[in-house]
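Here's the structure, in structure tokens; my notes come after.
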Amino acid sequence: MLKDVIFVVALSISIIIFYSQIKSQSMNMKKEIFQPLSYESADKKADSVLALMTQDEKIAMVEGDRSFFIRSIPRLNLPEVYMTDATQGVHLREKFSGIDLTKYQLEKSTAFPCPISLAATWNLELSYQYAEAVGEECRAGSIGILLGPGVNGYRISQCGRNFEYFGEDPFLRARMVGEYVKGVQSTGTIATLKHFVANNTDYYRRKSNSIIDERTLHEIYLPPFKAGIDAGAQAVMTAYNLVNGEWCGQSEYVINEILRTQLGFRGLVITDWWSVYDGEKLVKSGQDLEMPLAVALKDVQKLLGEGKIKIKDINRMAKSILRTCFIMKFDDRKKIAFDNTMFENHELVALQTAREGIILLKNEKNILPLQDDKKKILVTGDYVEKNVMGGGSAFVKGYNIRLMLDELKKEFGNRITYMKNPNPDQIQSADVVLCNIGTEDSEGWDRPFELPENQEKKVEECVKNNPNTVVIVTTGSGVRMTGWSDKARAILYAWYGGQIGNKALVEIIAGKTNPSGKLPITIEKEFKDSPGYRYLPEGETLYHGWNEKQEKAHPVYDVRYSEGIFVGYRWYEKKNIETLYPFGHGLSYTTFEYSDISISNDKFQENGVVKVSFTVRNVGMKTGLETAQLYIQDIESAVPRPIKELKGFKKVNLDPGQSKIVVIELNKKDFSFWNPETKDWFFEKGTFVIHIGSSSKDIRLEKQIEL
Ligand code: BGC
């Protein structure tokens, strides 16, 4: 009892301390929010500068320079613009394609937990703070353009880049990305929404042709782009893949029709690195800037000479670049001085993201947090002594890396025994086994849903020999846990935690932090259960590592999005397929009760707003955070619709015994579907059910309404 009281007090204090630290940070620092120049003023300014530019200068502007730069024109006072990756922190590169970049580098940059882990926090404020921190590090390194956030949807668990993105649900993605964009751009750094669009596999990524319809695009894959655009994102990067038969970076349909016309984007469009092939198509597609250098655009002069493109097309591209630079005031930048407290503050944000992003999937007999009777703690696994982060352009090295083993020893002292390959006897004689397994995901290839053989063997060995096995999963996406998950006592899904994530992990194991992460994905039992599982060309298997030669030789292949809007839980619910862990799932060391749902929709005719309110109460012994989720179900509809769709969520912090009334507002669009004929959202009158739950499966309250 006394222990519980101490626990409650300690937890409450640590949560209060974090938020007060962050608050006092922002109050002390009186952060100035960057004020962009208006579109109209920047547009005028761009016109006048464009009039002074020679044809060669214009052409040089629309081709990337030294891999990561927009060229400067000193005589017109136009500075070079440096860009860097990406969503989980600032990727420091010393060299790229033989170009020395060291003189542009920051001394260090913070490695944050990967973006899918940020999504697992369901914490909008944190998304803003995380991105603001990344943006500040860009400012400190004179980086004008952040090549992130990556906002592609989680369609298949095998995609090598899932760790860079925000999960399977378009609503959660959109909300998190909107805050992310605001956070980055509040610092005066450009946020680049990527990769536009339908880019959901890295298997021979320049050769996949996504066959997809417009309703699916608008309901599933475009919402985070739209949210980012509405939040003010100044850049969009087109994707490697083709959409309906044309490479995105040179597709008039993708850029002019969808991005510019349907989504109303007025900012800078840039290609992904080496992703376009036809200069004429590129120029006419609405694209602005080819990166990292002129490949498709190498024959621009010739195309102009032949009259295939006009100088007004190049003017349009160069003007878009100029306008964006003026909106962001790149021509009038003060150098900002940052000291080490910046990094200290950023590390605090990284730590809090890990605390709220780690997910307790299972906790039988409340083995976690570990109690004092667990004297002999055996630790084993590949990422105990080595910290792993997602690879490729998103990689961030970080500094002051906390290793899992060191953090465990700090907390549990000599109760910890670490063994690389314990034998069955050693496993059996421990009071508890902490077994860490995972995958090393990267851009450039996809990886199997199944764990690597040695990892699978290790976890099976542990759960077979010790019923008190706690499995810690280090990964960037869903992995196959069928076969051992039922035998594990507890499972913690830790993602890639960045430089300080292991501190948060050990706090959770020790009970100093109460876990609150919720899955932003569904974890299927078997890969074949999932939508799109047949995406590889017939007879082909996954490869590992950079495989560019083979990619070149590989023919274009079709990826049919035949599941349409039924992605993630929308798919499993429709097909009635049992999953291992549902979307939105995540346990806590305390218990929450839901009650008193009420809905007011009497003013819906007038203002299109439905107000849903309900109460969440902490009926357990520990302070904790709960993310209450709201799903809408349309009972009858003219088109097939998902059984449930997430349309609201709120994260609340509750002390034992405390309750809060949660209010979520819904608007007409939340009840609508995309009509490809009118090219607009369509609201259809009828009966809807509002489901409130602790996950997509664990629904606690329901109420029907007529609209
Ligand atoms: C990636 C982009 C990245 C770019 C520059 C490409 O390989 O797909 O996401 O921004 O490289 O590093």
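The values are calculated or read from the model by the stated rules, or taken from the named source; none is laboratory data. This is a predicted model, so every value here is computed, not measured. Reconstructed Cβ throughout: ideal geometry from the backbone, glycine too, with neighbour counts over all protein chains shown.
Values for this structure:
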read-out: Close pairs (7 angstrom Cβ cut-off, 6 or more residues apart or separate chains): in contact (Cβ under 8 Å) with a residue 24 or more places away in the chain and outside the structural domain of I211 (by TED's automatic domain parsing) in segment 560-573, assigned to a helix (DSSP H, G or I) and of a type in the set (D, E) anywhere; value: I565/E219
read-out: Test: K298 is at positive phi and touching a residue at least 12 places away in the same chain (Cβ under 8 Å); value: no
read-out: Residue list for segment 73-88, restricted to those being more than 11 Å from the ligand (Cβ to nearest atom) and under 12 Å from S393 (Cβ atoms); value: Q88
read-out: L289 vs. criteria away from the ligand (no atom under 16 Å from the Cβ), touching a residue at least 24 places away in the same chain (Cβ under 8 Å), crowded, with 17+ Cβ neighbours inside 10 Å and assigned by TED's automatic domain parsing to the domain that holds G135; value: no
read-out: Helices (runs of 4 or more DSSP H) completely within segment 107-207 that count 1 or more residues being at pLDDT 95 or above and over 18 Å from Y496 (Cβ atoms); value: 124-140, 170-185
read-out: Segment 154-197, subset within 14 Å of the ligand (Cβ to nearest atom) and charged (D, E, K, R), residue surrounded by the fewest Cβ atoms within 10 Å (Cβ to Cβ); value: K194
read-out: Lone qualifier among E626, E684, E636 - being modelled with pLDDT of 95 or more and within 26 Å of G586 (Cα to Cα); value: E626
read-out: Test: A198 is touching a residue at least 24 places away in the same chain (Cβ under 8 Å), out of contact with any Lys or Arg (no Cβ under 7 Å at 6 or more places or on another chain) and under 26 Å from D339 (Cβ atoms); value: no
read-out: Any hit, segment 324-337, residues being among the hydroxyl-bearing types (S, T, Y), part of a helix (DSSP H, G or I) and touching a strand residue (DSSP E or B) at 6+ places or on another chain (Cβ under 9 Å); value: yes
read-out: Residue check for Y204: on the phi > 0 side of the Ramachandran plot, of a type in the set (F, W, Y), more than 13 Å from the ligand (Cβ to nearest atom) and buried (at least 24 other Cβ atoms within 10 Å of the Cβ); value: yes
read-out: Residues of segment 78-105 that turn out to be at positive phi and either at pLDDT 95 or above or touching a helix residue (DSSP H, G or I) at 6+ places or on another chain (Cβ under 6 Å) (or both), as a count; value: 1
read-out: Considering residues of segment 422-441 that are of a type in the set (D, E) and under 22 Å from the mean Cα position of the chain (by Cα) only, the residue nearest to the ligand (Cβ to nearest atom); value: D441
read-out: From G444, G476, G497, residue being under 30 Å from G620 (Cα atoms), in contact (Cβ under 8 Å) with a residue 60 or more places away in the chain and not β-branched (V, I, T); value: G497
read-out: Number of the exception - R215 against (1) within 13 Å of the ligand (Cβ to nearest atom); (2) basic (K, R); (3) more than 16 Å from the chain's Cα centre (by Cα); (4) outside any loop (DSSP other than H, G, I, E, B); value: (1)
read-out: Filter result (β-branched (V, I, T) and without any contact (Cβ under 8 Å) to a residue 60 or more places away in the chain) within segment 38-57; value: T54
read-out: Tally, over segment 230-249, of residues that are in a helix (DSSP H, G or I) and either within 16 Å of the ligand (Cβ to nearest atom) or over 23 Å from A86 (Cβ atoms) (or both); value: 2
read-out: Exclusive hit being within 19 Å of F604 (Cα to Cα) and among the β-branched types (V, I, T), set I643, I632; value: I632
read-out: Every residue from segment 526-550 that is in a helix (DSSP H, G or I) and closer than 17 Å to G444 by Cβ; value: E548, K549, Q550
read-out: Test: residue in segment 93-103 that is closer than 23 Å to I321 by Cβ, of a type in the set (V, I, T) and under 28 Å from the mean Cα position of the chain (by Cα); value: no
read-out: Every residue from segment 58-90 that is free of Cβ contacts under 8 Å to residues at least 24 places away in the same chain and farther than 23 Å from P149 by Cβ; value: A60, R71, S72, I73, P74, R75, E80
read-out: Residue match in segment 334-346 (condition: surrounded by 23 or more Cβ atoms within 10 Å (Cβ to Cβ), among the hydrophobic types (A, V, I, L, M, F, W, C) and away from the ligand (no atom under 16 Å from the Cβ)); value: no
read-out: Matching entry among T121, T110 (being of a type in the set (S, T, N, Q) and either without any contact (Cβ under 8 Å) to a residue 40 or more places away in the chain or more than 20 Å from S695 (Cβ to Cβ) (or both)); value: T110
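Conditions tested, residue by residue: (1) outside the structural domain of Q234 (by TED's automatic domain parsing); (2) closer than 25 Å to N199 by Cβ; (3) crowded, with 23+ Cβ neighbours inside 10 Å.
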position	(1), (2), (3)
T271	no, yes, yes
V276	no, yes, yes
V295	no, yes, no
K312	no, no, no
T324	no, yes, yes
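Yes or no, residue by residue, for (1) outside any helix (DSSP H, G or I); (2) away from the ligand (no atom under 16 Å from the Cβ); (3) over 27 Å from I73 (Cβ atoms):
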| position | (1), (2), (3) |
| --- | --- |
| G228 | no, no, yes |
| G264 | yes, yes, yes |
| L304 | no, yes, no |
| I314 | no, yes, no |
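Residue-wise test of (1) touching a strand residue (DSSP E or B) at 6+ places or on another chain (Cβ under 7 Å); (2) more than 16 Å from the ligand (Cβ to nearest atom); (3) among the β-branched types (V, I, T).
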residue	(1), (2), (3)
E443	yes, no, no
E460	no, yes, no
K464	no, yes, no
W484	no, yes, no
I491	yes, yes, yes
A504	no, yes, no
L536	no, yes, no
